[in-house]
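The values are calculated or read from the model by the stated rules, or taken from the named source; none is laboratory data. The structure presented is a predicted model; accordingly, all values stated were derived computationally and were not measured. Don't worry about glycine lacking a Cβ; one is built from the backbone with ideal geometry, like all the others, and counts go over all protein chains shown.
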Amino acid sequence: TPERQGKVNEAEVFREGALVAVLTTQPLGRLLDYKAPEGGCRLGAFVEVPLGPRKVLGVVWGPGKGDYDLARVRSVIRVLDVAPMLEEMRQFLSRAADYTLTPMPAMLRLATRAPGLSDPPSMRKVYRRGTAEPTRLTDARRRVLEVLADYGSLAFTLKELAEMAGVTPSVVKGMVAQGAVREEASPRDLPFPPLDHTRPGKSLTADQQAAAGHLRAGLAGGGYGTTLLKGVTGSGKTEVYLEAVAACLAEGRQALVLLPEIALTAEFLTRVEARFGARPAEWHSGVTMTERRRVWKMTGQGQAQLVVGARSALFLPFRALGLVIVDEEHDTSYKQEDGVLYNARDMAVLRAAICGARVVLASATPSLESWANAQSGKYELLELSARFGAAVLPEMAAIDMRAERMQAGTWISPTLRDAVATRLKRGEQSLLFINRRGFAPVTLCRACGQQIACAQCDARMVEHRFLKRLMCHQCGETTPIPTVCPSCGAEDRLAPVGPGVERLGEEAAALFPEARIAVLSSDLFGSARALKAAIEGIAAGEADVIIGTQLVAKGHNFPLLTLVGVIDADLGLQGSDLRAAERTFQLMRQVAGRAGRAEKPGTALLQTYQPEHPVIRAILSGDEEGFWRAEAAEREAAGVPPFGRMAGVILSGPDVAQVFDLGNTLARNDGALRAVGAQVFGPAPAPISRIRGRHRVRLLVKAPKGVALQEALARWIAPVRLKGDLRLSVDIDPQSF
Ligand code: ADP
Ligand code: ZN
């Protein structure tokens, strides 16, 4: 709010020449001292400072230490024209750095991911043709007019326009004074249209009203608190948390909604527009540079009331954050697996706790962590029990694949085929789900028996017939589909093995020649817009049979869909991953939840070779409580999260022996860990054991709850000196263990 912005604390102002300590985005071990520039600067100010021959971005972090040669201390170049970083944001970055064991410069980089942040104000104006004629048409002025006429609809920055016309910027400025050129604020500096929180929402059911009332009360009460909003798909969780957003906006505070998938934002933005009369700010990798800069700046000025985005939106410079929604909170994509390894759900709670905001975690199938926190009373639990309107939960049944007569190379059982045929007759939609992109997961040579593998990774190459290439799902490398075996040279003996979404599409087309078949997989669409169009087409009934990957499991609304067939319900159950059961349970329930959203009841059929498996039985019976309790008991006995603490230390390098050597040295010198009762396991090959030519090895550290794990880890790895190309990264709460 403006008062918060306007308040200047004298203690936070550094006069010209005073020493300030600056945190930069450069990987340095410490803060650097500079002299405050002409006009002074404030604590938290974004500044540009000299570093060697370069200019780098930084934030004034506190008074300078003055512990080295004062004569050599350089001056801050300038203070950037953006709102200073708030104390709460500085605290958030520090605590997040401590939690994830990430150096502060990397945290600052996360918080300043807006291109053009350090552009001077002159670059943030654009120039177009004005209405007046220049008073005297010099050559220079004529060239400016020509450029503007040639590129009619484009707007130029001062620098661009002057360069293209071959004139000095002062010529353009002079023409502005005459009205021959018009100067306007760049679109990246335009504020967002206000959202109207007084517009009425949908009239809520009694259940929904009770939940919305709780959330509103929580916001009115002020202060931090986390609520787990649990309800089956279609129960109206979104309607309910939009009420909380309205309450937050009414208080003049900002709200943030995190979604797990870019493909979901378009539908959500439309919903927000219908509810509040305008579109909110959008923040994710698909947003243009100009727009990112705008969202960053407006968030910092408090002029973006609502931001809808991906996990990195948590690091935007909100002025007055009042509410964070984490939709589909169990989704594994909230875990950033590259660079700074953080879980957006945990970071949302941390940020909210620091700035006194509320958090709503929404899910039909909460993570075991959140479920346990709700059980222990750390989080408030709100449940929506019924689906909205006539929609009822789908009936679930297993198809016992041991009893089905399957032809080699086919994956749709006769029972599932008949169920689809029935829907086709009734004009209803069916969804066949398989969580495998591409045509076939394995390409095998029939002559030598070798599988085609990625040269850089420990992964198979997956055939993508649509792209006409083989692709590595780990590094993204693609190659043409060979006709000759790379191992033995045999010709035309390569064969696809196993099902992928594209191959299933072919099988369905052969089984149901009269049906309209849509294959939905992220890699089949060139852009988010094409994907959105495909999804809208399906929702409008333009397909009879939908073949899809994980992508369709999340959030989309297909009202005509009444049958979901899961091709391989056993897929997630293999392997030694302790979270496998939880993930399979969540995914299967989510997929099944796609069926029967409107008036027509739905059915979900799971093809499985192990119908007696406890996880499959829990999915079928819908006994969530029972499932969570059994899972919790198992994890508690094993002392793993959320009942114990866990961290991974990943070492990587081009030479596998060297990586293992370092791992073994660390494992032997585990005194710092043993001192707090923590144990180290490994080194063992990491879940991704080789990627882009780098070998990866992991040490797993397990500790009892309540142990200061990060401090022990920091002491443990402190002596490590990484030679050559070796890298070390810490992963707190790894996804798989
Ligand atoms: P969830 O987020 O739990 O999946 P949604 O909020 O998306 O559920 O609701 C599912 C569908 O039902 C949406 O189309 C939504 O607009 C509609 N809906 C939910 N509650 C109501 C209500 N009280 N009045 C009218 N429509 C509703
Ligand atoms: Zn690869």
Q.
Please count how many residues of the range 604-657 are assigned to a strand (DSSP E or B) and within 30 Å of Arg698 (Cβ to Cβ).
A. 10
**Q.** Residues located in the range 326-347, provided they are within 25 Å of Glu631 (Cα to Cα) and more than 16 Å from ligand 1 (Cβ to nearest atom)
**A.** Thr332, Ser333, Tyr334, Lys335, Gln336, Glu337, Tyr342, Asn343, Ala344, Arg345, Asp346, Met347
(Q) Out of the residues in the range 1-24 meeting the condition of being at pLDDT below 90 and of a type in the set (Val, Ile, Thr), tell me which one is nearest to Trp61 (Cα to Cα). (A) Val13
Q: Determine which member of the set Ala530, Ala534, Ala539, Ala518 is among the aliphatic types (A, V, I, L, M) and at pLDDT 90 or above.
A: Ala518
Q. Where in the range 330-425 are there strands (runs of 3 or more DSSP E), lying wholly inside it, with at least 1 residues that are farther than 28 Å from Glu261 by Cβ?
A. 395-400
Q: Sort through Val232, Val307, Val245 and tell me the only one that's within 16 Å of ligand 1 (Cβ to nearest atom), within 19 Å of Ala352 (Cβ to Cβ) and of a type in the set (Val, Ile, Thr).
A: Val245
Q | Selection within the range 406-423 - surrounded by fewer than 16 Cβ atoms within 10 Å (Cβ to Cβ) and of a type in the set (A, V, I, L, M, F, W, C) | A | Met406, Ala408, Ala421
Q: Name every residue in the range 691-706 that is surrounded by 16 or more Cβ atoms within 10 Å (Cβ to Cβ), in contact with a strand residue (DSSP E or B) (Cβ under 7 Å, 6 or more places away or on another chain) and either touching a residue at least 60 places away in the same chain (Cβ under 8 Å) or not in a strand (DSSP E or B) (or both), in order of residue number.
A: Lys702
Q | Breaking point among (1) touching a residue at least 40 places away in the same chain (Cβ under 8 Å); (2) in a strand (DSSP E or B); (3) of a type in the set (A, V, I, L, M, F, W, C), for Ala684 | A | (1)
(Q) So, Ser413, is that one of a type in the set (S, T, N, Q) and at pLDDT 95 or above or not? (A) yes
Q: Evaluate the following for Gly218: is it in a helix (DSSP H, G or I) and free of Cβ contacts under 8 Å to residues at least 12 places away in the same chain?
A: no
Q: Would you tally the residues in the range 315-360 being of a type in the set (Asp, Glu), in contact (Cβ under 8 Å) with a residue 24 or more places away in the chain and surrounded by fewer than 21 Cβ atoms within 10 Å (Cβ to Cβ)?
A: 2
Q. For Thr443, are the conditions met, namely being over 30 Å from Val232 (Cα atoms), within 16 Å of ligand 2 (Cβ to nearest atom), buried (at least 20 other Cβ atoms within 10 Å of the Cβ) and hydroxyl-bearing (Ser, Thr, Tyr)?
A. yes
Q. What are the residues in the range 482-531 that are touching a residue at least 24 places away in the same chain (Cβ under 8 Å) and among the β-branched types (Val, Ile, Thr), if any?
A. Val497, Val501, Ile517, Val519
Q: Being in contact (Cβ under 8 Å) with a residue 24 or more places away in the chain, within 16 Å of ligand 1 (Cβ to nearest atom) and either aliphatic (A, V, I, L, M) or surrounded by 14 or more Cβ atoms within 10 Å (Cβ to Cβ) (or both) narrows it down to one of Leu467, Leu384, so name that one.
A: Leu384
Q. Of the residues in the range 447-464, how many are more than 10 Å from ligand 2 (Cβ to nearest atom) and either under 15 Å from Gly693 (Cα atoms) or surrounded by fewer than 17 Cβ atoms within 10 Å (Cβ to Cβ) (or both)?
A. 5
Q. Pick from the range 470-506 the residues that are assigned to a loop (DSSP other than H, G, I, E, B) and among the β-branched types (Val, Ile, Thr): which of them is farthest from ligand 1 (Cβ to nearest atom)?
A. Thr483
Q) Assuming Gln375 fulfils every condition listed in (1) within 15 Å of ligand 1 (Cβ to nearest atom); (2) at pLDDT 90 or above; (3) surrounded by fewer than 20 Cβ atoms within 10 Å (Cβ to Cβ) apart from one, which condition is it? A) (1)
(Q) For the list (1) surrounded by 15 or more Cβ atoms within 10 Å (Cβ to Cβ); (2) touching a Lys or Arg at 6+ places or on another chain (Cβ under 8 Å), I need the number of the one condition that Thr479 fails. (A) (1)
Q: Output the number of the condition that Asp661 fails; it satisfies all remaining conditions of (1) among the acidic types (Asp, Glu); (2) over 20 Å from Ala106 (Cβ atoms); (3) touching a helix residue (DSSP H, G or I) at 6+ places or on another chain (Cβ under 9 Å).
A: (3)
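Conditions (1) under 31 Å from the mean Cα position of the chain (by Cα); (2) over 14 Å from Asp731 (Cβ atoms); (3) modelled with pLDDT under 90, marked per residue:
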{"position": "Leu666", "(1), (2), (3)": "no, yes, no"}
{"position": "Leu673", "(1), (2), (3)": "no, yes, no"}
{"position": "Gly677", "(1), (2), (3)": "no, yes, no"}
{"position": "Ser689", "(1), (2), (3)": "yes, yes, yes"}
{"position": "Arg694", "(1), (2), (3)": "yes, yes, yes"}
{"position": "Leu699", "(1), (2), (3)": "yes, no, no"}
{"position": "Lys702", "(1), (2), (3)": "yes, no, no"}
{"position": "Gly706", "(1), (2), (3)": "yes, yes, yes"}
{"position": "Glu711", "(1), (2), (3)": "yes, yes, no"}
Q.
Can you find, within the range 636-648, the residue that is surrounded by the most Cβ atoms within 10 Å (Cβ to Cβ) among those that are out of contact with any helix residue (DSSP H, G or I) (no Cβ under 7 Å at 6 or more places or on another chain) and touching a residue at least 60 places away in the same chain (Cβ under 8 Å)?
A. Gly648
**Q.** Flag for Gln305 being crowded, with 21+ Cβ neighbours inside 10 Å, of a type in the set (S, T, N, Q) and in contact (Cβ under 8 Å) with a residue 12 or more places away in the chain
**A.** yes
Q. Taking the range 709-737 on its own, how many of its residues are part of a strand (DSSP E or B) and closer than 27 Å to Ala580 by Cα?
A. 5
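Out of everything in the range 436-464 that is assigned to a strand (DSSP E or B) and among the hydrophobic types (A, V, I, L, M, F, W, C), what residue ends up being farthest from ligand 1 (Cβ to nearest atom)?
If we take residues in the range 436-464 being assigned to a strand (DSSP E or B) and among the hydrophobic types (A, V, I, L, M, F, W, C), then Cys445 is farthest from ligand 1 (Cβ to nearest atom).
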Q.
Out of Gly223, Gly201, Gly234, I need the residue that is assigned to a loop (DSSP other than H, G, I, E, B), out of contact with any Ser or Thr (no Cβ under 9 Å at 6 or more places or on another chain), touching a residue at least 60 places away in the same chain (Cβ under 8 Å) and buried (at least 20 other Cβ atoms within 10 Å of the Cβ). Which one?
A. Gly234
Q. When you go through Ser363, Ser367, Ser312 one by one, which is the residue that is surrounded by fewer than 20 Cβ atoms within 10 Å (Cβ to Cβ) and either hydroxyl-bearing (Ser, Thr, Tyr) or modelled with pLDDT of 95 or more (or both)?
A. Ser312
